[in-house]
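Colleague: One structure, pasted below without further comment.
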Amino acid sequence: MPEVFPRRFGKYVLLKSLARGGMGEIYVAATGEPGFQKFCVIKKVIAERTDKAKSNRFLDEAKVVLRLSHANLVPTFDAGEQQGEFYIAMELVEGKALREIWNLCVRTRTRIPLDVALHVGRETARALAYVHTYGDLHLVHRDVAPPNILLSYFGEVKLTDFGLARSVLKQENTAPGIVFGRA
């Protein structure tokens, strides 16, 4: 059955689907009164594919991202449960994921300019330096990859997706022999 948009989701209005993965869905949404609306992104667990471990990993992510605040991270401002589904609300970054830029360069047989590559690398490193030294969380992102690095149309570089992050706040630990994240 096709999704119908716009549709209400608690205090948010889901406007369109952005992506759907193995565990979650991402939507462009709006919040606020008409004329004073703020656009944002809602990430939520796919209800029919969730179990206690997946729900706990999602809640672990919410606990982490709500604490963090850095220019090179996507700001997160709300999390909770609505209509039996867990969600995280974050800023809508107007731009593209590094994966999209990378794929365009492959299709057009062009290279990412060196100054752009250095800028993306430097700003991503700043995000990771902040994350990995934040408080006493012993936080490690574990999923730094082109889909999780967003490039705004204004030159900002923002790291997102802490779903696989390791920290002392986690309830759900990775089972022995199971590997999450990327090298």
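The values are calculated or read from the model by the stated rules, or taken from the named source; none is laboratory data. This structure is a prediction, so every number in the text was calculated from the model and none was measured. When we count neighbours, we look across all protein chains shown, and the Cβ atoms used for this are built from the backbone with ideal geometry, even at glycine. These accessible areas exclude ligands, DNA and RNA; they are computed on the full protein's heavy atoms, side chains included. Shrake-Rupley method; radii C 1.70, N 1.55, O 1.52, S 1.80 Å.
Colleague: For the range 27-171, with only Lys/Arg (+1) and Asp/Glu (-1) charged at the beta-carbon, what is the dipole magnitude about the Cα centre, in debye rounded to 20?
Modeller: With Lys and Arg at +1 and Asp and Glu at -1, about 520 debye.
Colleague: Using a 1.4 Å probe over the heavy atoms of the protein chains, calculate the carbon and sulfur portion of the accessible area of the chain as a whole percent.
Modeller: Carbon and sulfur atoms account for 57 percent of the accessible area of the chain.
Colleague: Any idea how far apart A117 and V140 come out in nm if each label point goes 7 Å out from Cα toward Cβ?
Modeller: Roughly 2.7 nm, to one decimal.
Colleague: Cα-Cα over 28 Å: which of K16/K170; K16/K96; K63/K96?
Modeller: From K16/K170; K16/K96; K63/K96, over 28 Å: K16/K170.
Colleague: With θ set to phi - 60°, apply the Karplus curve 6.51 cos²θ - 1.76 cosθ + 1.60 along the range 16-23 and write out the HN-Hα couplings as whole Hz, x wherever there is a Gly or Pro.
Modeller: 6, 7, 9, 6, 9, x, x, 10
Colleague: What residue among N148, N56, N103 has the largest mean-square fluctuation in a Gaussian network model of the chain, using Cα springs under 10 Å?
Modeller: Looking only at N148, N56, N103, the largest GNM fluctuation is found for N103.
Colleague: At a threshold of 8 angstrom on Cα-Cα distance, excluding pairs fewer than six apart, so keeping six or more, what relative contact order does the range 1-140 reach in percent?
Modeller: It rounds to 16 percent for the range 1-140.
Colleague: According to the square roots a ≥ b ≥ c of the eigenvalues of the Cα gyration tensor, what is the shape class of the range 1-102, taking rounded for a/c under 1.5, prolate for a/b larger than b/c otherwise, and oblate for the remainder?
Modeller: Taking the square roots of the gyration eigenvalues as a ≥ b ≥ c, the range 1-102 is rounded.
Colleague: Which of the listed residues, L59, F9, A145, is farthest toward the dipole's positive end in the chain, when Lys, Arg count +1 and Asp, Glu count -1 at the beta-carbon?
Modeller: Checked the options; the winner is A145.
Colleague: Further question: Considering amide H positions built from the backbone, and no H for Pro or chain starts, which residues 5 or more places from L139, or on another chain, come under 5 Å of its amide H?
Modeller: So L139 has HN proximity to Y134.
Colleague: For the range 16-167, what size does the Cα cloud have along each of its three principal axes, sorted from largest down, in whole Å?
Modeller: 46, 40, 31
Colleague: Mind grabbing the accessible area of F86 for me, 1.4 Å probe, Å², rounded to tens?
Modeller: Accessible area, nearest 10 Å²: 50 Å².
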